[in-house]
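Beneath this line is the structure, given in C-alpha cells, with notes to follow.
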C-alpha cells in the first residue's frame, strides 16, 4: 500500500478501516463505528452535504452535519469516497493516544462474522474428507496385503 498524503482521495467500502482523518465527499448509506471517539456510541451515520441547484430538495447537511471520519474507524455498512485531511501524528487518534492506549479493540462486522463461521464449517468438512481419504487408503492397502502375496513392510505397500 502506498503512503497516504493530505489531499488524497480514498475509497471506503464496508469492512474497511479509515486510514487517516478524512471528510466525506461522496457516500452511499455509510455507517461508521467510531465508538473509540464517541464513548461507546457504536454506529454513527455519516452523510456529506448535498446541494441540489434548481431543486427544492432538503439540504442533507442540516439533517446529518457530521461528514468527518477519524483514523481507524471501521466502515460497518455502505461505501464512499473521502478526502484526507490529517495523517500520521496529526490525526485526532494520535494526538489523544497515550502509550497505554496503543491497543485498539477489534470489532468484527456482520460480514466478517459470517465469513469466520463459514470458514469454520469448511475446515470441519475438509478435515473429515481428509480423514476419510486416509482411512479408505489404509483399508485398501490392508485388503491388498490380505488377498495378495505382497508384504506389509515392503516398498510396494507404500505405492
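The values are calculated or read from the model by the stated rules, or taken from the named source; none is laboratory data. Just so we're clear, the structure is a prediction, and the values are computed from it rather than from any experiment. Cβ: placed from backbone, ideal geometry, glycine included. Neighbour counts: every protein chain shown.
Somewhere in region 59-67, is a residue under 30 Å from residue 37 (Cα atoms), at pLDDT 80 or above, in contact with a helix residue (DSSP H, G or I) (Cβ under 9 Å, 6 or more places away or on another chain) and surrounded by 10 or more Cβ atoms within 10 Å (Cβ to Cβ)? Within region 59-67, one or more residues are under 30 Å from residue 37 (Cα atoms), at pLDDT 80 or above, in contact with a helix residue (DSSP H, G or I) (Cβ under 9 Å, 6 or more places away or on another chain) and surrounded by 10 or more Cβ atoms within 10 Å (Cβ to Cβ). Taking (1) surrounded by fewer than 14 Cβ atoms within 10 Å (Cβ to Cβ); (2) under 28 Å from residue 8 (Cβ atoms); (3) at pLDDT 70 or above in turn, residue 116 satisfies each apart from (2).
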